[in-house]
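Enquirer: Here it is: the structure, laid out below.
The values are calculated or read from the model by the stated rules, or taken from the named source; none is laboratory data. A quick note: this is a predicted structure, and the numbers were derived from the prediction, not measured. Virtual Cβ from ideal backbone geometry, glycine too; neighbours counted across all protein chains shown.
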Amino acid sequence: MRSAQWDGGPVSVLERAVSVLSAFDAEHPEMGISELARRTGLAKSTVHRLVGDLVRLGLLEQSANGVRLGIRLFEFGQLAPRHRTLKEAALPFMEDLREATQSNVHLAVLEGIEVVYLEILRVRDSQPLPSRVGGRMPAHATGVGKAIMAFSPPEVVKARVDAGLERRTAYTVIMPGALHRELLTIHETGVSFDRQESAMGVVCAAAPVFGPDGAVQAALSVTGRAERLDVERMAPAVRTAALALSRVLGAPR
């Protein structure tokens, strides 16, 4: 089912509905019609009609400030077999890694040019971090993203570079040449770092996780505040946990 196209806008009804759902994020968990129209570039009348359908289907739900994502989306997410299996396999290693390092532990996968966090185990006295379960961040600005890209096909890195290397902090790598050199180093060492590149004051050490076909599937990281976490010292523990998880997933030695 298709409707008229305009420059740069979604074409089909399905694409427009997805654009409405994609407008929500951690900073915008609830929105009204006007804000959704502004964020999607769709007409208010179109957004109003789509929101009505999405609420009826349980993909959105009414809230005090407009609408928010519905519980049915969570139910669908739990049915995604690859991510569910990966998360279940990773949890014991993540718990051991948190205990050994007394730091926050992340599990993330690459979706397009961004990383999506599947699970985060936080330490009790953890200060606020920019990451959240289900949240996305640009792959080039994160340790987990660079760990995955370093072992991904060249077209994956090219897509990230072609989309533009967003500067999130003064330390974010935004030059393609510098990113390529760093990815080569990560490929050699098996460990990547985020030195306040995704958010000021936040650092991490990360390592890739491989599947039975030998292809990179995800990445594990240890994350904390720059003044408290020595990422170089934590790197061997992260690498060991990622290798152990890879073996459980059936990765060739």
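Listed here are the residues, each with its yes/no results for (1) within 23 Å of GLN196 (Cα to Cα); (2) of a type in the set (Val, Ile, Thr); (3) out of contact with any helix residue (DSSP H, G or I) (no Cβ under 9 Å at 6 or more places or on another chain).
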site	(1), (2), (3)
ALA89	no, no, no
PHE93	no, no, no
LEU97	yes, no, no
VAL109	yes, yes, no
GLU119	yes, no, no
MET149	yes, no, no
ARG167	yes, no, no
VAL173	yes, yes, no
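Enquirer: May I ask you to verify whether VAL156 is among the β-branched types (Val, Ile, Thr), assigned to a helix (DSSP H, G or I), touching a residue at least 40 places away in the same chain (Cβ under 8 Å) and surrounded by fewer than 21 Cβ atoms within 10 Å (Cβ to Cβ)?
Expert: The answer is yes for VAL156.
Enquirer: Still on this structure: Look at the stretch 181-203 and say how many of its residues are in contact with a helix residue (DSSP H, G or I) (Cβ under 7 Å, 6 or more places away or on another chain) and within 13 Å of ARG239 (Cβ to Cβ).
Expert: Qualifying residue count for the region: 5.
Enquirer: Identify the residue in the stretch 34-67 that is in contact with an Asp or Glu (Cβ under 8 Å, 6 or more places away or on another chain) and small (Gly, Ala, Ser) and, among all such residues, is farthest from ARG16 (Cα to Cα).
Expert: For the stretch 34-67, the residue satisfying everything is ALA64.
Enquirer: Could you look through the stretch 65-93, keep only residues that are more than 14 Å from VAL133 (Cβ to Cβ) and of a type in the set (Lys, Arg), and pick out the one that is modelled with the highest pLDDT?
Expert: Residue satisfying both the conditions and the ranking: ARG68.
Enquirer: Does LEU184 satisfy being of a type in the set (A, V, I, L, M), assigned by TED's automatic domain parsing to the domain that holds ARG136, surrounded by fewer than 16 Cβ atoms within 10 Å (Cβ to Cβ) and in a helix (DSSP H, G or I)?
Expert: Judged against the criteria, LEU184 is a match.
Enquirer: While we're here: Taking interchain pairs and intrachain pairs at least six residues apart, which have beta carbon atoms under 8 angstrom, with the first residue in the stretch 78-103 and aliphatic (A, V, I, L, M) and the second at pLDDT 90 or above and part of a helix (DSSP H, G or I)?
Expert: These pairs meet every condition: ALA89/LEU245; ALA89/VAL248; ALA90/LEU245; MET94/ALA241; LEU97/ALA237; LEU97/VAL238; LEU97/ALA241; ALA100/ALA237.
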